[in-house]
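Have a look at the structure below, then the notes.
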Amino acid sequence: MKALIMAGGQGSRLRPLTCDLPKPMVPVANRPMMEYIIELLDRHGFRDVAVTTYYLPEFIKGYFKDGAQWGVSLRYFQEERPLGTAGSVKNAASFLDETFLVISGDCLTDFDLEAVLAYHREKQALATIVLTRVPSPLEYGVVFTNPEGRVERFLEKPSWGEVFSDTVNTGIYVLEPEVLSHIPAGTQFDFSKDLFPKLLEAELPLYGYVAEGYWSDIGSLEQYVQAHVDLLSGKVKAALPGSGQDGIWKEHGAWVHPDAVLEPPVVLGKNSRVEKGAAAGPGTVLGPGSVLGPNSSVRRSILWQNVQVGTGGEIRGAVICDQVLVKPRARVFEGAVIGRSSTLGASSTVLPGIKIWPYKVVEQGTNVSADVVWAGTCSKALFGNIGIGGLANLEISPEFAVRVGASLAALYDTSSTILVAADGWGASRMVRRALTTGILSSGVNAVDIGSTTLPVTRFTTVLTNCAAGVYVRQGRHSPDHLEIQILDELGFPISRSDERKIENYFSRGDFRRVQGKDAGRTQFAAGANEVYLKALLEKCDTSLLAQSPTTVAVGYTSSALRKLLHPLLTRLNCQVVDLNLDKAPDAAPSTVMYQREVYADQMAESVIQSKAALGLLVDGSGEAAIIFNDKGQVLPEERHWPLLTWALAKTGRGQAGRWVVPVAAPQSVDHLAEKYGGNVLRTPNTARAVFQAAGSGVKEDLALLHPAFDALSFVALLLQLIKLEGRPLSQLEAAFPVSRRMEVEVPCAWENKGKVMHSLLERTAGQARDLIDGIKVFHEQSWALVLPDGEEPVVRVVAEAPTEEEADALAQMYASEIMNITGGGNSVVEQQF
């Protein structure tokens, strides 16, 4: 039987392991990954095998040759340029004249391939996708099948809110040769993105087979280490090299001193040595020719070929590539990777998670706390729910920001320009400058508009045709945190795929460096605030507001905000009552957001005494506000969306009859839509989704993005709504049904989130629900939204009902359901709205 091994991958996520080695040749327990695949194929009768290659093909051909040593016949097909997964198979069409199996050469699995082939033939399928169940499917392509196994839907790398199945594509397929006619020759074409959706649309027989057994795509350094643990513990049905006894596998020539200590499981490669007093294991692989010096210690680590560990050296949970010299008393800790032919000086320390690229020298006594490529630090995951966040000048330090700037700039060519801005906080300005430095180091230009708001940054990014924008602000919920928000060319928060690209550049550290003469240039642009205000005022009916002045009480917490909001209110014919909060000694841009109780009484008193139409406490980024009505009462957040959509409809700023709101927006929006002839369109619960759905496609409209994320625009609309309706804000609130909301956080391990969503999807079958983002289930006069958090190991439940008691009961009901699914305790965190 015929098979094809895809072996062209560069394995960029495994760098520095793959800097000068194709991923299929990366050793697992002293044997190339692809060797396990060839043995698996041979074991199941696939002995006529094609191999597609692209990156460093000479390593693969030089090792495996014609395959005779493994009992198979290998034939190689070289790609001159990347053709994608399906395109590479098409390149071998001359070989594929019968039913054949496709498998990646860089995974580890023990699936029963004969059972897959039998299933394919039983279903008379054109193509069969081998699936497996995984606890956390975010990084994979999720495949949905009907009870007969026929594929119904694909979802590439879903968010937690989209995880309704835990069966993922393993990259193993059984195909009929006729499928090749659906693949264009000589062009990039992928199975998951192109071919399978095409077959699905044509209603051709495409099936999914859920395989039992072990599978790992070894797509990260963590998975690489875990694959060794699984292999050594017997979780994978595969042969380890050498002869094994009591959990110790020794290849020919391996030598262990009588006073050395081995704790199984341990693999000792050919001619490796463990000297007197040295200790190895458990979970250690010692490569051919490698030596553990006297009194050294290695645990849960993979050492490749000819690694030398000096006297007293200590290695914990690390990967050490070929020809590395670890001098006496040097220490390497969990998650670190040392590239080939590098040297670690005596008494040096490589801290956890650090990666050192090939051919580097670490001097004696050095503590390595940043990746050794050029410079910088490393983070496993940069982006959270609202961009990049962390402690100011500790986690979000200047050197960290330089690296983020360089990683962002790597997405664009050197003719591009990126806009940078910040709120008025000193730490924000510091990080803005460091980000600019990173951008310039990659040869990309920067436009710096100084201290302003996030809406102005979005607006100016679009207006100046920048490739991207970056905004730095003080954390909205913690005074010692910073947040970095990155925007695309439309002013939207960047896409999830671009976030991942930036994370990859950041973690690998191989972003672009240009010569000094080619470094980017910074342009300092003044006047962005004035241009934004002019555009915003053009959207307002100033003649309506000019009929009589309106009193507004305002608490500014930053000079940047004062420079915007005060002129806006003045031009809208408002008399401003200023609380002078920005003059306080502890004033900071986001003070109002995490000290709202401190200012609430002061604002309420000011509104009542001045007979103001409303009161405003706006955070320094200009995105969010605490609004007080004419009675000095805080406007609940769940009433912001109904009032906003109402105002958009009355002022004509929204798309005709189309009210765009996130899935978590209150149901009162629908009641108002019915009253005013609108049509509600709900989106995923992100700013990007709302912007995309609400955009008209006109550049000028895109520049002034949705006022739900622009406090100044929202305030301008509220003032117009008050004038148009001829009623105070407190009466406008009463125009739509009152509801209460409750949010509950339920602890949930990452690996259980897919299980929770899949189980709830089954348990709510037949009920009215919305699957736009998470699972929103409708009950009589109430609803509950279950949404896994993308940043923390929790699942959030938002419930809305006519009374506080009903909202709490509904939230607790779903929280209990989640805990029953996960087997968790009764610990939940409540938040009332």
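Of note:
- All positions within region 310-336 that are on the phi < 0 side of the Ramachandran plot and touching a residue at least 40 places away in the same chain (Cβ under 8 Å): Val319, Cys321
- Against the criterion of being touching a residue at least 12 places away in the same chain (Cβ under 8 Å) and either part of a helix (DSSP H, G or I) or within 26 Å of Lys235 (Cα to Cα) (or both), Leu17 qualifies.
- Subset tally (residues that are assigned to a helix (DSSP H, G or I) and open to solvent by less than 50 Å² (accessible area, probe 1.4 Å)) for region 185-195: 3
- Summed over region 428-439, the residues that are surrounded by 22 or more Cβ atoms within 10 Å (Cβ to Cβ) and over 22 Å from Ser621 (Cα atoms) give a count of 2.
- Residues (within 18 Å of the chain's Cα centre (by Cα) and surrounded by fewer than 23 Cβ atoms within 10 Å (Cβ to Cβ)) located in region 398-409: none
- So Phe714, is it assigned to a helix (DSSP H, G or I) and open to solvent by less than 30 Å² (accessible area, probe 1.4 Å): yes
- Scope region 149-184; condition outside any helix (DSSP H, G or I), at pLDDT below 90 and open to solvent by 40 Å² or more (accessible area, probe 1.4 Å); matching residues: Glu152, Arg153, Phe154, Glu156, Lys157
- Pairs linking a residue in region 732-748 that is farther than 21 Å from Asp630 by Cα to a residue that is open to solvent by 20 Å² or more (accessible area, probe 1.4 Å) and among the aromatic types (Phe, Trp, Tyr), with Cβ atoms under 8 Å and 6 or more positions apart or on different chains, are Arg740/Phe833; Arg741/Phe833; Met742/Phe833; Glu743/Phe833.
- Any chance Ile248 is touching a Cys at 6+ places or on another chain (Cβ under 8 Å) and in contact (Cβ under 8 Å) with a residue 12 or more places away in the chain: no
Yes/no matrix, rows are residues, columns are (1) more than 23 Å from Ala29 (Cα to Cα); (2) of a type in the set (Asp, Glu); (3) within 36 Å of the chain's Cα centre (by Cα):
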| site | (1), (2), (3) |
| --- | --- |
| Leu56 | no, no, yes |
| Gln78 | yes, no, yes |
| Thr85 | yes, no, yes |
| Ser94 | yes, no, no |
| Leu101 | yes, no, yes |
| Ser104 | no, no, yes |
| Phe111 | no, no, yes |
| Ala118 | yes, no, no |
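- So Val229, is it outside any strand (DSSP E or B), surrounded by fewer than 20 Cβ atoms within 10 Å (Cβ to Cβ) and modelled with pLDDT under 95: yes
- Scanning region 304-351 for residues that are open to solvent by less than 50 Å² (accessible area, probe 1.4 Å), in contact with a Cys (Cβ under 7 Å, 6 or more places away or on another chain) and assigned to a loop (DSSP other than H, G, I, E, B) returns Trp304, Gly339.
- Residue match in region 749-771 (condition: open to solvent by less than 60 Å² (accessible area, probe 1.4 Å), closer than 25 Å to Glu499 by Cβ and in a loop (DSSP other than H, G, I, E, B)): yes
- Residue in region 448-466 that is part of a helix (DSSP H, G or I), without any contact (Cβ under 8 Å) to a residue 60 or more places away in the chain, among the hydrophobic types (A, V, I, L, M, F, W, C) and surrounded by 21 or more Cβ atoms within 10 Å (Cβ to Cβ) present: no
- Scope region 800-816; condition in a helix (DSSP H, G or I) and open to solvent by 10 Å² or more (accessible area, probe 1.4 Å); matching residues: Glu804, Glu805, Glu806, Asp808, Ala809, Leu810, Gln812, Met813, Tyr814, Ser816
- Test: residue in region 495-518 that is at pLDDT 90 or above, assigned to a strand (DSSP E or B) and surrounded by fewer than 17 Cβ atoms within 10 Å (Cβ to Cβ): no
- Extreme residue, modelled with the lowest pLDDT, among residues of region 196-208 that are out of contact with any Gly (no Cβ under 7 Å at 6 or more places or on another chain) and surrounded by 21 or more Cβ atoms within 10 Å (Cβ to Cβ): Phe196
- Which listed residue is open to solvent by less than 30 Å² (accessible area, probe 1.4 Å) and either without any contact (Cβ under 8 Å) to a residue 12 or more places away in the chain or part of a helix (DSSP H, G or I) (or both), from Ala125, Ala86: Ala86
- Ser301 vs. criteria open to solvent by less than 10 Å² (accessible area, probe 1.4 Å), of a type in the set (S, T, N, Q) and modelled with pLDDT of 95 or more: yes
The values are calculated or read from the model by the stated rules, or taken from the named source; none is laboratory data. Because the structure is a prediction, the values reported are computed rather than measured. Ideal geometry is used to build each Cβ from the backbone, glycine not excepted, and the neighbour counts take in all protein chains shown. Heavy atoms of the whole protein, side chains included, go into the accessibility calculation; ligands, DNA and RNA do not. Shrake-Rupley method; radii C 1.70, N 1.55, O 1.52, S 1.80 Å.
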